[in-house]
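Provided herewith is a single structure, encoded as structure tokens, for subsequent inquiry.
The values are calculated or read from the model by the stated rules, or taken from the named source; none is laboratory data. What you are looking at is a predicted structure, and each value in this text was computed from that prediction instead of being measured. Heads up, the Cβs are rebuilt from the backbone with ideal geometry, glycines too, and the neighbour counts pull from every protein chain shown. For the accessible areas, the whole protein counts, side chains as well, though only heavy atoms, and no ligand, DNA or RNA atoms are used. Shrake-Rupley method; radii C 1.70, N 1.55, O 1.52, S 1.80 Å.
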Amino acid sequence: MAFIKSIGLPRQKPGGPTCRRRPRVPSMQLPGPRLENRKSPLAIESETLVSWLEENGMYLSKEATWGRPRHPMGVANETTDEGESSGRGLVAVKGIVQGEPLFEVPFEVVLTKQRALEEIPELPEDVNEYIAIATLLIQERSRGDASFWKPYLDVLPKDEDIIPLFRWSEDDMLLLQGSPCQAAARSLRGKLVSEFATAEETIYAPNRRKFPDDVFTWDQWEWAFAILFSRAIMLTAEQRIALVPYADLLNHNPFCSTYIDVQEKQLTGKRFVTLYTDRPYAQMDQVFVTYGPKSNGDLLLLYGFITDRNPYDSVELVVALSDEDELFERKKKYLDESGVGTTATFPLYSDRYPMELIEFLRFCVAGEDELDNGDFGDFMNEDNETLVAKTLISACQDALAAYPQSREEDDKLIADRSMYKMFAQKQRWAIRQRRAEKRILERTIANIEREITDPTFMFTESKE
Ligand SMILES: C[S@@+](CC[C@H](N)C(=O)[O-])C[C@H]1O[C@@H](n2cnc3c(N)ncnc32)[C@H](O)[C@@H]1O
């Protein structure tokens, strides 16, 4: 799935015939240090991280030690997925068997709310977890070399490389005109703005000596949340979120189901975050985790990337009770009382739709008889079911009409590889995202149009 460009690890010698190497240029002829000894800044940062983790009790030995095999992974400084850079990643440096613990990260280096409260006693005890860790991140970033977490902060992607959708400007977002992603991004951004205003008023402003206004700025806040949304993990056993250095170098593969646990060593009482694999890996394979069953829209919003092979991809479809319906008032009253409202949004997948959507539409298109006696969770009659199908098709057509470009136009942009490569990263994500959404809408229309011609057609659970 992913191709590793440069992993900074010794490659296994290939078997079979070897080819002769070109003689090396004598080092004395080279200006400055010998080329082969020059390390990229990325490699230096990764090595510094590894040394720091080892100093703080993480086992990362490159050689087997007494009774313990070598650490099975190494940091890949540049990985790619579907032709796009996916930043650093972790790679198996030896075969890994299923269920093997991959690493144990000592709690000493983990960022949690608890740790934030210890480091910043000025934070209120009941502070929200995200705000606590964001405040710790901002503080530590501002401390530069003096920060305990400096080696960790140095491997975080550079600011300009962190491009979740909620950080896009309104101009960038024009590329996603018509997409439900725009509203999701504006809504998340709005929440972050208002959370910042509250934190400013209740935590930062009252204690300026601890929280100077040139450090605790909106820009730093936005950066900290971008880091948290794209890297924090839920420690389920403890029901808390955490930033776990090293573990957060793992990239996403929706087909994985690795799991994370917190372990306490019996003799020492020391706690570690441990990751177990769900499948074996061959040497040089990139090791993945899953960030959860997320649609591309959610991946773009929180993590700043999408993946074409995403079984959980969906597009939000808005459907509403028609205000021209003769039974509008009666139906509205019922919907309001049920807490649903006359407009609802449902995820539409390329091969399925939720039964709640069908039930909602069965109710919205129902006649008087059906309203009195209907069970909307089940097929009621052909007329009602056909009306549901037509309403669904028309909702998909309306959604498609909201995009200024057609799916065919997006296809063309992507097919012209040399032109496509010249687009900026955000443009490429946007074109792929809006094309994926249109494909789901078009497929839904095609599926329903095909099925509606079948005399036994009905929406059933099996389509979910
Ligand atoms: C938890 S971090 C993983 C480590 C990260 N690659 C790095 O360089 O630090 C999550 C970020 O990695 C990138 N990423 C993870 N999985 C990816 C994938 N399958 N394709 C593209 N980018 C991916 C995205 O930028 C995402 O926000």
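When residues of the stretch 335-344 are filtered for being surrounded by 14 or more Cβ atoms within 10 Å (Cβ to Cβ) and not hydrophobic (A, V, I, L, M, F, W, C), how many remain?
1
Say whether the condition of being surrounded by 20 or more Cβ atoms within 10 Å (Cβ to Cβ) and closer than 21 Å to LEU176 by Cβ is met by at least one residue in the stretch 348-362.
yes
For the stretch 180-200, give me each residue that is without any contact (Cβ under 8 Å) to a residue 12 or more places away in the chain and either assigned by TED's automatic domain parsing to the domain that holds LEU441 or within 14 Å of THR135 (Cβ to Cβ) (or both).
Hit for the stretch 180-200 is THR198, nothing else.
Give all pairs with beta carbons closer than 7 Å in which a residue from the stretch 144-164 that is assigned by TED's automatic domain parsing to the domain that holds LEU53 meets a residue that is assigned to a loop (DSSP other than H, G, I, E, B) and within 8 Å of the ligand (Cβ to nearest atom); count only pairs at least 6 apart in sequence or on separate chains.
From the stretch 144-164, the pairs are ILE162/GLY304; ILE163/GLY304; PRO164/TYR303; PRO164/GLY304.
Further question: Suppose we filter the stretch 302-359 for residues that are part of a loop (DSSP other than H, G, I, E, B) and within 16 Å of the ligand (Cβ to nearest atom); how many remain?
Within the stretch 302-359, the subset part of a loop (DSSP other than H, G, I, E, B) is 303-313, 321-327, 338-342, 350-354.
This time we only want the ones that are within 16 Å of the ligand (Cβ to nearest atom), so: 303-313.
Residues flagged as part of a loop (DSSP other than H, G, I, E, B) and within 16 Å of the ligand (Cβ to nearest atom) within the stretch 302-359 amount to 11.
Shifting gears a bit: Within the stretch 252-262, track down each residue that is part of a strand (DSSP E or B) and either free of Cβ contacts under 8 Å to residues at least 24 places away in the same chain or touching an Asp or Glu at 6+ places or on another chain (Cβ under 7 Å) (or both).
TYR259, VAL262
Turning to a different aspect of this structure: Would you be able to say whether some residue in the stretch 225-247 is open to solvent by 10 Å² or more (accessible area, probe 1.4 Å), away from the ligand (no atom under 13 Å from the Cβ), more than 28 Å from PHE196 (Cβ to Cβ) and in the same structural domain as ALA132 (by TED's automatic domain parsing)?
Among the residues of the stretch 225-247, at least one is open to solvent by 10 Å² or more (accessible area, probe 1.4 Å), away from the ligand (no atom under 13 Å from the Cβ), more than 28 Å from PHE196 (Cβ to Cβ) and in the same structural domain as ALA132 (by TED's automatic domain parsing), which makes the answer yes.
Please tell me if LYS158 is within 16 Å of the ligand (Cβ to nearest atom), open to solvent by 20 Å² or more (accessible area, probe 1.4 Å) and closer than 24 Å to TRP52 by Cα. Outline the logic, then answer.
Working: within 16 Å of the ligand (Cβ to nearest atom): yes; open to solvent by 20 Å² or more (accessible area, probe 1.4 Å): yes; closer than 24 Å to TRP52 by Cα: yes.
Against the criterion (within 16 Å of the ligand (Cβ to nearest atom), open to solvent by 20 Å² or more (accessible area, probe 1.4 Å) and closer than 24 Å to TRP52 by Cα), LYS158 qualifies.
Inside the stretch 283-304, can you point out the residues that are farther than 17 Å from MET234 by Cβ and open to solvent by 50 Å² or more (accessible area, probe 1.4 Å)?
Passing the criteria: GLN283, ASP285.
Which condition number does GLN405 fail, the rest of (1) of a type in the set (S, T, N, Q); (2) at pLDDT 95 or above; (3) surrounded by fewer than 16 Cβ atoms within 10 Å (Cβ to Cβ) being met?
Unmet for GLN405, out of (1) of a type in the set (S, T, N, Q); (2) at pLDDT 95 or above; (3) surrounded by fewer than 16 Cβ atoms within 10 Å (Cβ to Cβ): (3).
Now a separate question. From the list PRO121, PRO164, PRO180, which one is within 16 Å of the ligand (Cβ to nearest atom) and modelled with pLDDT of 95 or more?
Going through PRO121, PRO164, PRO180 in turn, the sole match is PRO164.
If you go through the stretch 174-231 one residue at a time, how many are more than 25 Å from LEU317 (Cα to Cα) and assigned to a loop (DSSP other than H, G, I, E, B)?
Residues that pass the stated criteria total 10.
Here's something else I'd like to know. Checking MET458 against (1) more than 24 Å from ILE163 (Cβ to Cβ); (2) open to solvent by less than 20 Å² (accessible area, probe 1.4 Å); (3) part of a loop (DSSP other than H, G, I, E, B), only one condition comes out false. Which one?
Checking MET458 against (1) more than 24 Å from ILE163 (Cβ to Cβ); (2) open to solvent by less than 20 Å² (accessible area, probe 1.4 Å); (3) part of a loop (DSSP other than H, G, I, E, B), the one that fails is (2).
Quick check on LEU102: is it hydrophobic (A, V, I, L, M, F, W, C), assigned to a strand (DSSP E or B), open to solvent by less than 20 Å² (accessible area, probe 1.4 Å) and modelled with pLDDT under 95? Working first, answer last.
Working: hydrophobic (A, V, I, L, M, F, W, C): yes; assigned to a strand (DSSP E or B): yes; open to solvent by less than 20 Å² (accessible area, probe 1.4 Å): yes; modelled with pLDDT under 95: yes.
The answer is yes for LEU102.
Here's something else I'd like to know. Being open to solvent by less than 10 Å² (accessible area, probe 1.4 Å), within 16 Å of the ligand (Cβ to nearest atom), on the phi < 0 side of the Ramachandran plot and β-branched (Val, Ile, Thr) is true for just one of ILE133, ILE138. Which residue is that?
After ruling out the rest, the residue left standing is ILE133.
Continuing with the same structure: Is it the case, given these coordinates, that LEU117 is assigned to a helix (DSSP H, G or I) and either open to solvent by 40 Å² or more (accessible area, probe 1.4 Å) or under 14 Å from TRP223 (Cβ atoms) (or both)?
Here the answer is no, as LEU117 does not meet what is asked.
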